[in-house]
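**Student:** There's a structure below that I have some questions on.
The values are calculated or read from the model by the stated rules, or taken from the named source; none is laboratory data. Since this is a predicted model, take the numbers as computed values, not measurements. Backbone-built Cβ (ideal geometry, glycine too); neighbour counts: all protein chains shown.
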Amino acid sequence: MGKQSSESSRLEKLHLRKKPPMTLQLLQELAEIEAMPDAEIDTSDIPERLDWRNAQIGKFYKPIKTQISLRVDTDVLDWFKSKNKQYTSMMNLALRAYIATKETRTNNRKSA
């Protein structure tokens, strides 16, 4: 039997969680709300949030990880290992930063 991927085991955990049964009344209420146009939904009891200075972007975002085999120059690996125990996470952040700069440059060239 082979090892399960992290994605499939994560989905299995979600399905295994015990969910309280939905009552017929709740199902009917949800169906009514779903059929309603957005303009008719009363949101007056929900305060509007105008100050977003303390908002945390991506607080609950957790990307799916994929395990790969990667050949890296020894000096590069040694450098990352010397900086942090979690050097693979640091390498991932470095790759993300590289992608962000490449996308920014590409978008700037397109708009010019």
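**Student:** Hey, among the residues in region 100-112 that are surrounded by 10 or more Cβ atoms within 10 Å (Cβ to Cβ) and not polar (S, T, N, Q), which one's farthest from K65 (Cα to Cα)?
**Tutor:** Ranking the candidates gives R105 first.
**Student:** On to the next question. Hey, any hits in region 65-86 for a residue that's within 24 Å of the chain's Cα centre (by Cα), outside any loop (DSSP other than H, G, I, E, B), of a type outside the set (G, A, S) and surrounded by 10 or more Cβ atoms within 10 Å (Cβ to Cβ)?
**Tutor:** Scanning region 65-86 turns up no residue that is within 24 Å of the chain's Cα centre (by Cα), outside any loop (DSSP other than H, G, I, E, B), of a type outside the set (G, A, S) and surrounded by 10 or more Cβ atoms within 10 Å (Cβ to Cβ).
**Student:** Yes or no: A55 part of a helix (DSSP H, G or I) and without any contact (Cβ under 8 Å) to a residue 60 or more places away in the chain?
**Tutor:** The answer is no for A55.
**Student:** When you look at L95, is it surrounded by 10 or more Cβ atoms within 10 Å (Cβ to Cβ) and at pLDDT 85 or above, yes or no? Talk me through it step by step, then tell me what you get.
**Tutor:** Details: surrounded by 10 or more Cβ atoms within 10 Å (Cβ to Cβ): yes; at pLDDT 85 or above: yes.
When the stated conditions are applied, L95 passes them.
**Student:** Filter region 32-42 for residues that are assigned to a loop (DSSP other than H, G, I, E, B) and at pLDDT 85 or above and give the result.
**Tutor:** Matches in region 32-42: M36, P37.
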